[in-house]
Amino acid sequence: MDRVFLLSEAEVLEFFPEQEQRTCQATEYAKAQGAYVDENNGNSWWWLRSPGVRPVDACGVRADGRISGYGSRDVNRPSGTIRPVIWVTMGE
């Protein structure tokens, strides 16, 4: 099992059920690398690991928090950001 990964579309809907909860802002480093920043809300879009609608796409979360199945063929585009995830098991 991967130790660090991207969320799937199903996981995003489970853990961030409200659209506003899914928005994020890019770090200064990401901006310096070319991350997209929406001029209206200052948010960025981010990749998911789920496949998109077409075989050449990957899903992403738009700057407004909506999930899009029409990602990009260029998964290494600097305009997209990532939100890496790890599972943490808490002992009793």
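The values are calculated or read from the model by the stated rules, or taken from the named source; none is laboratory data. All values derive from a computational prediction rather than experimental measurement. Cβ placement follows ideal geometry from the backbone for every residue including glycine, while neighbour counts extend to all protein chains displayed.
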Pairs only if they're at least six apart or on different chains, beta carbon under 6 angstrom, first in the stretch 12-23 and at pLDDT 95 or above, second assigned to a helix (DSSP H, G or I); list them, first residue then second. Phe16/Arg22
Search result, residues across the stretch 1-55 that are under 15 Å from the mean Cα position of the chain (by Cα), among the small types (Gly, Ala, Ser) and assigned to a helix (DSSP H, G or I): Ala10, Ala30
Find the residue count for the stretch 56-75, including only residues that are at pLDDT below 80, under 14 Å from Tyr36 (Cβ atoms) and under 13 Å from the mean Cα position of the chain (by Cα). 2
At pLDDT 95 or above, surrounded by 14 or more Cβ atoms within 10 Å (Cβ to Cβ) and touching a Phe, Trp or Tyr at 6+ places or on another chain (Cβ under 8 Å), is that true of Ser8? no
Flagged in the stretch 21-74 as crowded, with 19+ Cβ neighbours inside 10 Å, among the polar types (S, T, N, Q) and within 17 Å of Leu7 (Cα to Cα), in numbering order, are Thr23, Ser44, Ser50
Out of the stretch 36-54, which residues are at pLDDT 95 or above, over 13 Å from Arg66 (Cα atoms) and touching a strand residue (DSSP E or B) at 6+ places or on another chain (Cβ under 8 Å)? Val37, Asp38
